[in-house]
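Remarks on the structure that follows.
The values are calculated or read from the model by the stated rules, or taken from the named source; none is laboratory data. This is a predicted model, so every value here is computed, not measured. Ideal geometry is used to build each Cβ from the backbone, glycine not excepted, and the neighbour counts take in all protein chains shown. Protein only, heavy atoms only, side chains kept; ligands, DNA and RNA dropped before computing areas. Shrake-Rupley method; radii C 1.70, N 1.55, O 1.52, S 1.80 Å.
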Amino acid sequence: MFKKQLLLAGLMFISLVSNAQAKNPFFYELIANDSKTTNFVFGFYPSSYTFEETKDVEGFTSIKSAVINNAKGSLSWSDYKINILLKSGKLLRSYSTVAKDGQYACNYTVQGSDTHYQYFCFHNKFTADDIDKVWLVLGDDQIFSLLYDKNDK
């Protein structure tokens, strides 16, 4: 029961802090161990996608995410990836950026009871409507299929 309440509170918090508005669907997952030393909510917001292309930079799509650390201790984020299955059947994987800090950095620490925003980048051009499924990949044996919320309440 407590886990469900915590998940619901985390989802409501994600919606508020990411400025998610009605009709803006998102993907999410609560990831925690029994001792709660790992306890965070991950949210991925396809409606935030942008495609950037300049003469100096190869085109890429970026999508905003939020990591809400509900644990007391810090959470080390180590270049984790997002896999996206498009409705066309094409599988995409986010890539590591060269950013050392800020919202494009792939390695960072989220202090206990804090939230960090990150943009995941993809070499492909696509839109939110093209996405079928999303996975958070924390390692070879830690792959989480993110739940989809239409946010149509």
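Inter-part distance, region 105-121 to region 23-69, computed on C-alpha centroids, equals 10 Å. The orientation-averaged shadow of the Cα convex hull for region 98-153, equal to a quarter of the hull surface, comes to 6.2 nm². Taking the simple approach of a point 7 Å from Cα along Cα-to-Cβ for both L147 and K90, what is their distance in nm? Calculated label separation equals 3.1 nm. Ordered by solvent-accessible area of protein heavy atoms (1.4 Å probe), largest first, the residues D56, D149, D130 come out as D56, D130, D149.
Spin-label model, Q111/D132: points 7 Å from Cα along the beta carbon direction are separated by 4.3 nm. When the GluC sites (Glu not before Pro) in region 51-94 are filtered for DSSP coil states and for at most 13 other beta-carbon atoms within 10 Å of their beta-carbon, the remaining sites are E53, E58. How many lysine pairs in region 19-153, separated by 8 or more positions in sequence or lying on different chains, have Cα atoms less than 19 Å apart? Number of lysine pairs found: 22. Using a simple spin-label model with pseudo-atoms 7 Å out from Cα toward Cβ, K125 and V98 lie 2.3 nm apart. When you filter the trypsin sites (Lys or Arg not before Pro) in region 39-109 for DSSP loop state and at most 14 other Cβ atoms inside 10 Å of their Cβ, you are left with K55, K72, K87, K90, K100.
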